[in-house]
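The values are calculated or read from the model by the stated rules, or taken from the named source; none is laboratory data. Bear in mind that the values here come from a model prediction, so they are computed numbers and not experimental data. Every residue, glycine as well, gets a Cβ built from its backbone with ideal geometry; the counts of neighbours run over all protein chains shown.
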C-alpha cells in the first residue's frame with residue numbers, strides 16, 4: 001500500500017509544480033507587459049515592417065518615421081508646403097536644377113553628434129546603393145546620375161559607378177548641394193518624405209562591428225537606434241505597440257508638447273473603434289464602412305479630401321476591350337453616385353478624372369460625357385439622375401457604334417477582378433449590375449487574395465481590375481507618370497506616344513503654368529483613351545479626439561506628432577463654438593487643463609489668445 | 001518508458017523534416033511574392049531585393065540554405081574554412097575581421113569565409129528560423145519569442161477556466177443525471193460548443209465593456225486584459241470538457257469497484273472524488289493534448305478581436321504576406337507543440353490508468 005501512496009504524492013506534487021509554473025509564466029507575461037498610458041495613444045493599424053527609413057514604403061511606417069526622424073525639410077501640417085527642418089534655409093538655382101541646403105548648426109543626433117551634410121551624403125548613398133535594396137530608391141532618381149548608380153549592378157551586387165557620378169555632395173559640414181537631372185517642382189516635398197531621412201553612420205558602423213552577422217537588425221533596436229526627430233523610440237513590442245518619448249535633444253524640443261505617444265498595431269478596424277469609443281485610443285485612421293452613417297454626425301469624424309483615386313483598370317490587350325468606344329461606354333454607364341452614397345458613404349466624390357479632387361493649381365481633366373456634361377461638377381449637374389441617364393444613353397450609342405449590343409455582335413463576358421474585401425465586392429456588384437442593365441454585358445465577379453490579385457494584375461491576366469492609387473506627394477505627376485508606355489505600374493497594356501512625350505516634356509518645364517498645361521493635356525489623352533475607368537476620389541477616415549490640437553487634416557493625410565497638444569477646456573469650447581450646426585458634440589477625454597509645449601505656455605502667458613503651436617488649425 | 005521516448009523522438013525528427021520540406025515547397029509554389037505590393041517595383045530594384053534575400057537562387061539551393069547549417073551565400077557551395085592565429089586576425093582591417101562566421105579554439109580562430117553581404121540564414125537545423133521578410137527588424141525567432149509567451153499566458157487562463165468549469169459541470173451533470181440540473185448544464189454545454197468563440201466574445205465585449213464598463217474592450221498589458229479573451233477562448237473547450245467528463249463519469253459510476261465502495265459505506269463525495277473521477281477524466285486527458293495545442297495556436301480570431309499580440313495572427317498574416325520564413329516558423333512551432341503535447345498526454349495516461357503500459361504501444 002505504501003508505494004502507490006508515495007506515487008500519488010509525487011503525482012500531486014508534479015501537477016502542483018506544473019500549475020505553479022504556469023501561473024508564474026502568466027504573471028510574468030503580464031508583469032513584463034505592464035505599461036502606463038501614454039499622453040496620446042493612436043492606432044497605427046499594423047505592425048510596421050521596419051524602422052529603416054531607406055527601405056520602407058508604407059503609410060503606417062511613415063507615421064512612426066515622421067515622429068523619430070527629420071529630413072532637410074518638413075511639411076506644413078495643413079498646406080504641406082516645405083518648411084525648414086534639418087536645413088534652416090536653401091537656395092534653388094534659376095533653372096531649378098541645383099539645390100543648396102544650409103543645415104542648422106544646432107541640430108543633433110540622439111547620440112549627441114551634430115547632424116551634418118556628410119550625414120545626408122552617407123544616407124542617400126546608402127539609400128541609392130543597390131545592396132540596400134530600397135523599394136523607394138526611384139524617389140531620388142531625379143538627381144543626376146542616381147538612377148544609373150542604383151540600377152547598373154556588377155556581378156557582386158555592388159554598383160558599377162562611383163558615387164562621384166551622382167549629383168550629391170557636401171560643400172562643407174553644413175552645406176549640401178544637390179544637382180537634379182530635371183527641374184522637379186516637388187523636390188522640397190521629397191526631402192520631407194521619409195525615404196530621404198538621414199540615418200546615423202556611427203549607429204550602423206558600430207552595429208556592424210559589434211554584430212557582424214546580425215547588424216541588420218541590431219542597429220535598429222530601440223536601445224541602439226540613433227535618430228534626429230522630435231521623438232525617440234523607447235520600447236517596441238511586435239504586433240503590440242511602439243512607445244515614443246520626447247527627444248530632449250531635438251532642435252525644436254521647446255515646441256513639442258507631448259512627452260509620450262503610443263502607436264498600437266491593432267489590425268481589426270472594429271477593435272480600433274471599440275478602443276477609441278472607450279477612450280483608450282485618441283485617434284484611429286480607418287472605420288468599418290457599415291458604421292460610417294452613424295459616425296458622420298459626430299464632431300470627431302470629419303472626412304476630408306484625400307489625394308487618392310479609386311478606379312478600374314481595363315486590359316487593353318484583350319481584343320474586345322481594345323476599342324476605346326467600348327471603354328468609354330463602360331466608363332459612362334457606371335452609377336458612381338450609387339457607389340459613393342450607398343457603399344462607401346463617407347462623402348467620397350464620384351469622379352470622372354484620374355488625378356483626384358483637391359489639388360490646387362491644377363484642373364483635373366474629366367472624360368467626355370453626354371452633351372450637357374459638367375465634367376467633375378458638384379451635385380446634380382455632375383451626377384444627378386438626369387445626367388446619369390444621359391450618360392448611359394451615350395454609352396449605349398457608343399457601344400452600338402463599336403458594333404455591339406442588341407441586334408449586333410454579342411459582347412464576350414467580362415471578368416471583374418478585385419481583391420477579397422466586402423467593399424470591393426459591393427462596388428463590383430453595382431458596376432456589373434449597371435453594365436448588365438445598360439449595355440447588356442454579362443460581367444462575372446472574380447475575387448482573389450491580395451498577392452495573387454497583384455500577380456494577376458501585373459501579368460495582365462484580367463479583363464477589368466479594381467485599382468487604387470494614393471499620391472506620394474502633392475503633384476499630378478505622382479498619378480500621371482504611371483501610365484507612360486511600359487511603366488511598371490501601368491498594368492493595362494496601354495501606351496500612347498503623344499502621352500509619353502507630354503509627360504517627358506513636363507519634366508523639363510521650369511515654368512509652373514506651362515508645366516501644368518502639359519500635364520493637363522496628358523490627362524486629357526488618358527481620359528480620351530480610358531485605359532482606366534475612374535470611379536471616385538478618396539476622403540480620409542480619421543476619428544480623432546476633439547481635444548487633440550495641432551491635428552489639421554491635409555490632402556495627403558499625413559500627421560505630425562511634433563505639433564500635437566491637448567487643448568484645455570477653454571480652448572476646446574472655443575473650437576466647438578465654430579462647429580457646423582449639424583455636428584454633435586461627443587466626449588473628449590484627456591487632461592482638462594490641456595498639455596502645451598513650453599513655447600505655447602509662454603505665448604499663452606503673454607496673453608496672445610489661443611495657442612497655435614506654429615501649426616495653423 | 002525510455003525506448004518509447006526514443007522511438008517518439010525519431011518519429012518526431014522524421015515528421016518535422018517532412019513538414020519543413022513540404023511546407024517550404026508549397027509556400028514557394030503559391031503565386032505572389034513577399035515584395036509584391038500595390039506599387040510594382042522597378043525591375044532593377046526588384047532584382048536587388050531578390051538578390052538580398054537569395055530569392056534569385058534555384059529553389060533547391062534556397063531550401064538547403066534554409067535548412068542549414070551550411071551557408072551557401074558565397075560562390076559555389078559553401079566557402080573556405082580559414083584557420084588563423086588570433087593575433088594575425090586582429091592585425092587585419094576591421095572590415096575583413098567582420099567577415100565570415102568565426103569559432104574560437106584556444107588562440108586559433110576558425111573563420112568560415114562563405115559569409116559576405118547581408119546576414120545569411122543560420123538554418124533551421126541550428127534553431128535559426130531566419131529573418132522575417134515582412135517584419136524586417138526582427139528574426140522569426142524574435143517574433144516567436146515575443147508572441148509565444150503571450151499566447152501561452154492567454155491560453156493558460158483559457159485552459160484553466162475551461163478545466164474548472166468543464167469538470168465541475170460534467171461531474172454535476174453525472175451526479176444529478178436526468179434531473180433539471182443535468183438538462184440545464186447539458187443545454188449550456190451544447191450552446192457553448194455550437195457558438196463560435198468570436199460570437200461569445202462580441203457578447204462579452206458588449207456586456208462588460210460597454211453596458212457595464214468594468215473591463216477593457218481590448219489591449220494587452222494588465223491582468224484584467226486577460227479576463228474577457230480568456231473566457232471567450234476557453235468557453236467552447238469548457239463545454240466540450242463538460243460533455244466528456246459527464247460521459248466518462250457515468251461509465252465509471254456503473255462499474256463494480258464503485259459498487260464495492262458504496263457497499264463499504266463511503267460517503268458519496270469521497271467515492272466521486274477518489275474513485276470515480278480518476279477513471280472518469282481519462283477522455284478529458286486525451287482531449288487535453290490537441291485542446292492545448294488548439295488553444296495556444298488557434299486563438300487567431302480572439303487575439304484579433306481583442307488586439308492581443310500573440311502568435312495567432314502570424315498563422316494567417318504570414319501566409320497572406322508571403323512571409324516565407326515566418327510562415328515556416330509558425331508551422332514548425334505548431335508541429336513541435338502538437339507533437340510534444342500528444343507525447344505528454346500519452347505519458348499522463350500511464351500515470352492515470354494502470355491498464356496502459358507504454359512499452360506495448
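One table, with the values for the structure above:
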read-out: Subset of region B:35-45 (residues that are more than 7 Å from every other protein chain (Cβ to nearest Cβ) and either buried (at least 19 other Cβ atoms within 10 Å of the Cβ) or within 28 Å of the chain's Cα centre (by Cα) (or both)); value: B:35
read-out: Any hit, region A:259-268, residues being within 10 Å of chain B (Cβ to nearest Cβ) and free of Cβ contacts under 8 Å to residues at least 40 places away in the same chain; value: yes
read-out: Positions within region A:207-226 being more than 9 Å from chain B (Cβ to nearest Cβ) and within 30 Å of residue A:268 (Cβ to Cβ), in sequence order; value: A:222, A:225
read-out: Some residue of region B:226-233 being loosely packed, with under 14 Cβ neighbours inside 10 Å and facing chain A (nearest Cβ under 8 Å); value: no
read-out: Any hit, region A:491-498, residues being within 14 Å of another protein chain (Cβ to nearest Cβ), modelled with pLDDT of 90 or more and in contact with a helix residue (DSSP H, G or I) (Cβ under 9 Å, 6 or more places away or on another chain); value: yes
read-out: Region B:286-309, residues that are within 14 Å of chain A (Cβ to nearest Cβ), more than 12 Å from the chain's Cα centre (by Cα) and assigned to a helix (DSSP H, G or I); value: B:288, B:301, B:302, B:303, B:304, B:305
read-out: Residue that is farthest from residue A:97 (Cα to Cα) [pool: residues in region A:455-466 that are outside any loop (DSSP other than H, G, I, E, B) and modelled with pLDDT of 95 or more]; value: A:464
read-out: Flag for residue A:474 being away from chain B (no Cβ under 14 Å), part of a strand (DSSP E or B) and within 35 Å of the chain's Cα centre (by Cα); value: no
read-out: Selected residue [touching a strand residue (DSSP E or B) at 6+ places or on another chain (Cβ under 8 Å) and either modelled with pLDDT under 95 or within 13 Å of residue A:481 (Cβ to Cβ) (or both)] from A:526, A:519; value: A:526
read-out: Residue satisfying condition, being touching a residue at least 60 places away in the same chain (Cβ under 8 Å), in contact with a helix residue (DSSP H, G or I) (Cβ under 8 Å, 6 or more places away or on another chain) and not in a helix (DSSP H, G or I), within set A:399, A:411; value: A:411
read-out: Residue within region B:158-181 that is within 26 Å of residue A:23 (Cβ to Cβ) and facing another protein chain (nearest Cβ under 9 Å) present; value: yes
read-out: Single match in B:325, B:331 (criterion: buried (at least 19 other Cβ atoms within 10 Å of the Cβ) and more than 14 Å from every other protein chain (Cβ to nearest Cβ)); value: B:331
read-out: For residue B:273: the one exception among (1) surrounded by fewer than 18 Cβ atoms within 10 Å (Cβ to Cβ); (2) in a loop (DSSP other than H, G, I, E, B); value: (2)
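Here is a yes/no grid of residues against (1) modelled with pLDDT under 90; (2) surrounded by 19 or more Cβ atoms within 10 Å (Cβ to Cβ):
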| site | (1), (2) |
| --- | --- |
| B:100 | yes, yes |
| B:110 | yes, no |
| B:172 | yes, yes |
| B:197 | yes, yes |
| B:207 | no, no |
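One line per residue, one yes/no per condition, for (1) on the phi > 0 side of the Ramachandran plot; (2) more than 9 Å from chain A (Cβ to nearest Cβ); (3) part of a helix (DSSP H, G or I); (4) surrounded by 17 or more Cβ atoms within 10 Å (Cβ to Cβ):
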site	(1), (2), (3), (4)
B:21	no, yes, yes, no
B:33	no, no, no, yes
B:48	no, no, yes, yes
B:62	no, yes, yes, yes
